[in-house]
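These notes concern the structure reproduced below.
The values are calculated or read from the model by the stated rules, or taken from the named source; none is laboratory data. These numbers were taken from a predicted model, which means no experiment stands behind them. Cβ coordinates were reconstructed from backbone atoms using ideal geometry, including for glycine residues, and neighbour counts include every protein chain displayed. With ligands, DNA and RNA removed, areas are computed over all heavy atoms of the protein, side chains included. Shrake-Rupley method; radii C 1.70, N 1.55, O 1.52, S 1.80 Å.
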Amino acid sequence: MGLPDPVRAPGLPEEVRIHEVGPRDGLQNESALVPVEVKAEFIARLAAAGLKTVEATSFVHPKWVPQLADAEDLMPRLAGLPERHPALRLPVLVPNERGLDRALAHHAGNIAVFASATETFARRNLNRSADEAMAMFRPVVERATEAGVAVRGYLSMCFGDPWEGPVPVSQVVRFGMQLLEMGCAELSLGDTIGVATPGQVGALLAAFAEAGAPAERLAVHFHDTYGQALSNTLAALREGVTTVDASAGGLGGCPYAKSATGNLATEDLVWMLHGLGIRTGVDLRALVATSGWMAGQLGRPSPSRTVQALLGAAGG
Ligand code: HMG
Ligand code: MG
């Protein structure tokens, strides 16, 4: 058994764009610093495996996320990749104008701002209230758009917050619509701590549809703390979403969110999508080999079930 046997199911898209976050969300929580050459090779291997969007790093304050303090050193090492992979996008996270200046100096073509649906996480992650954070992003989105740089907006804690508990749908929609209205081309709805279940996903996406947000502009970003990420993804696909965030090998977590574990593993996602006959452009074997190599670099096995199964099968 090497690859899934595809059988189509009704009500699902023909193609899904995977927004790979391993080098950013996956690595940002690693306490041991990963050498910049390893990060560059990780990204190059992900692009070679067919991923067309690979979030490369963050231009945040280096003290806040020491693992990504080498962003300036990493970017020049990626300069040759778009020539080899013309469709490749390498977005970077930018919290403020200082971050935008740094990203533009390194010719970033895509950036992402990252807001919070709750007050507590806004304070912990961005050192300001949720509204103040929105005000901080506004000039970033304006200036990036003027410079021809596409902006994604993340919204965290859309399905629950470790300090505040359940988050009202109306609150999530209000902040999400602000990001879209300020000019973010895409809005990624984050289950930062992985507590969502499929009914909740359907309800939130229906509320966004009612507020006038087209499904083409929405993405989903699930962490897999409670093993729900794949079921939640299927629920989102049924609501018309076609962009799904995932992290190679299931790496990840957020340093400022208590109990956030790894993202949905890209391999587990690809196994399901290919099994449903949905195109991704990803070579699953090359991706699994990459995550196996990265697990070796980090000194521990990948939590992805698909990586474990396929590497186990390869080993006999
Ligand atoms: P602050 O301390 O309030 O910043 O941090 P400030 O504006 O008061 O500035 C203080 C000093 O920092 C100044 O220097 C600035 O120049 C400098 P000084 O004048 O004192 O010498 N500074 C910077 N330096 C470099 N790059 C910058 C920058 N900005 C200011 N960009 C700030 C506010 C937003 C900067 C800080 O809170 C921060 O960096 N936070 C980032 C936290 C983070 O990266 N979290 C993880 C990503 S979010 C996530 O993982 C969730 C997601 O995956 C979705 C999900 O799962 O839900 C996206
Ligand atoms: Mg995340």
Problem - Relative contact order, percent, the chain [alpha-carbon distance under 8 Å, six or more residues apart] - result: 22
Handout entry: Heavy-atom surface of the chain, accessible at 1.4 Å and reported per residue (Å²)
Key = 40
Exercise for the section: Please get the size of the charge dipole for segment 17-313, origin at its Cα centre, with Cβ charges of +1 on Lys and Arg and -1 on Asp and Glu, quoted in debye to the nearest 20. Expected result: 320
Problem - Neighbourhood charge, 13 Å Cβ-Cβ cut-off, centred on residue 177 and excluding it, Lys, Arg +1 and Asp, Glu -1 - result: 0
Completion exercise
Candidates 302, 129, 170; GNM for the chain (alpha-carbon contacts under 10 Å) flags as most fluctuating 170
Handout entry: segment 17-313: proportion of alpha-carbon pairs further apart than 30 angstrom, %
Key = 23
Exercise for the section: Excluding residues on the same chain fewer than 8 positions from residue 63, give the lysines whose Cα lies under 24 Å from its Cα. Expected result: 39, 258
Handout entry: Coordinate range along principal axes, alpha carbons of segment 190-316, Å, largest first
Key = 50, 36, 20
Handout entry: Loop-located GluC sites (Glu not before Pro) in segment 1-101 whose Cβ has at most 11 other Cβ within 10 Å (DSSP)
Key = 14
Handout entry: Mean-position separation - Cα centroids, segment 1-40 and segment 293-316, in angstrom
Key = 14
Practice task
Restrict the search to segment 66-149; then list the chymotrypsin sites (Phe, Trp or Tyr not before Pro) that DSSP places in a loop and that have at most 12 other Cβ atoms within 10 Å of their Cβ.
Solution key: none
Practice task
Pick out which of 273, 155, 104 has the largest mean-square fluctuation in a Gaussian network model of the chain, springs linking Cα atoms closer than 10 Å.
Solution key: 104
Exercise for the section: Could you please state how large a percent of the accessible area of the chain is carbon and sulfur, counting protein chains only and using a 1.4 Å probe? Expected result: 53
Handout entry: Cα centroid separation, segment 67-137 to segment 197-221 (Å)
Key = 24
Problem - trypsin sites (Lys or Arg not before Pro) within segment 1-37: DSSP coil, no more than 14 neighbouring Cβ in 10 Å - result: 8
Handout entry: Of all DSSP beta bridges in segment 125-267, antiparallel share, percent nearest 5
Key = 15
